[in-house]
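Undergrad: The structure is given below, and queries will be raised subsequently.
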Amino acid sequence: MSAQNTNIYAHAAFVVIAGLLSLQACSKPAAAAPTAGEASIGAEHITAASAVDAGRYLVKIGGCNDCHTPGFAMTNGASPVEAEWLTGDAVGFSGPWGVSYPSNLRLAFQNMDEEQFIEMSRAGQGRPPMPWPSLKAMSDKDLKAIYAYIKSLGPKGEPAPAALSPGVAPDRPHIPFVPQMPVSKS
Ligand code: HEC
């Protein structure tokens, strides 16, 4: 190899390396600094053996069964068995929003894909006392885990009754979410 050829090769190698470096610089733009409150969304998540296991854990600690599983809160979580979880409740919660019924998530998740569940959670719009702010605060990874778990349970039960608008009298049992004055002892 002549001295001139070596020079040409060295120059070509320099051009290729410089090109690669500039490509890398382009593909990694500086990340915008997260604003307060946004910093953890998408970063923090539960780790478990599988998405389904992570979702089961999140549903347990998220209190989802308290409202979406009949009998769960009343028995301090002793019943029903997991196969009956999240089938919704026909006992509503009444308040200024009308009457809301905890949805049958086992059926709702059959008609919703993962992306729709994430969108719904990010929007966080719905009637109380559903803890929408809790879903809104979860990372995509945790929401995907909840989705995978609830979907894995499969469909079961009947749809919960449709919500009632304010002023419409409920025709079935409901729990009033209205502050009560103490009964006077006089
Ligand atoms: C305090 C009671 C309560 C708890 C706890 C609760 N929910 Fe709900 N949830 C409701 C009620 C009531 C509705 C119906 C809201 C409405 O009518 O807008 C609902 C609706 C939903 C919906 C919308 C379903 C649809 O088809 O539109 C999803 C999804 C949901 N809940 C998921 C969860 C998850 C996941 C958890 C646990 C992290 C949870 N909920 C905990 C009461 C609750």
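The values are calculated or read from the model by the stated rules, or taken from the named source; none is laboratory data. Here the structure is a predicted model, which is why all the values come from computation and not from measurement. A quick note on method: Cβ atoms are made from the backbone with ideal geometry, for glycine too, and the neighbour counts reach across all protein chains shown. Just so you know, the surface numbers come from the protein's heavy atoms only, side chains and all, with ligands and any DNA or RNA stripped out. Shrake-Rupley method; radii C 1.70, N 1.55, O 1.52, S 1.80 Å.
Undergrad: Conditions first: (1) touching a Phe, Trp or Tyr at 6+ places or on another chain (Cβ under 9 Å); (2) of a type in the set (Gly, Ala, Ser); (3) exposed (fewer than 15 other Cβ atoms within 10 Å of the Cβ). Residue 163 passes all but one, so which condition is the exception?
TA: Unmet for residue 163, out of (1) touching a Phe, Trp or Tyr at 6+ places or on another chain (Cβ under 9 Å); (2) of a type in the set (Gly, Ala, Ser); (3) exposed (fewer than 15 other Cβ atoms within 10 Å of the Cβ): (3).
Undergrad: Out of the residues in region 105-132 meeting the condition of being near the ligand (Cβ under 8 Å from one of its atoms) and open to solvent by less than 20 Å² (accessible area, probe 1.4 Å), tell me which one is farthest from residue 142 (Cα to Cα).
TA: Restricting to residues being near the ligand (Cβ under 8 Å from one of its atoms) and open to solvent by less than 20 Å² (accessible area, probe 1.4 Å), the top hit is 109.
Undergrad: Would you mind telling me which numbered condition in (1) in contact (Cβ under 8 Å) with a residue 40 or more places away in the chain; (2) out of contact with any Asp or Glu (no Cβ under 8 Å at 6 or more places or on another chain); (3) closer than 29 Å to residue 46 by Cβ residue 166 fails?
TA: (3)
Undergrad: Among the listed residues 156, 136, which satisfies the condition of being surrounded by fewer than 18 Cβ atoms within 10 Å (Cβ to Cβ), under 14 Å from the mean Cα position of the chain (by Cα), more than 8 Å from the ligand (Cβ to nearest atom) and charged (D, E, K, R)?
TA: The conditions single out 136.
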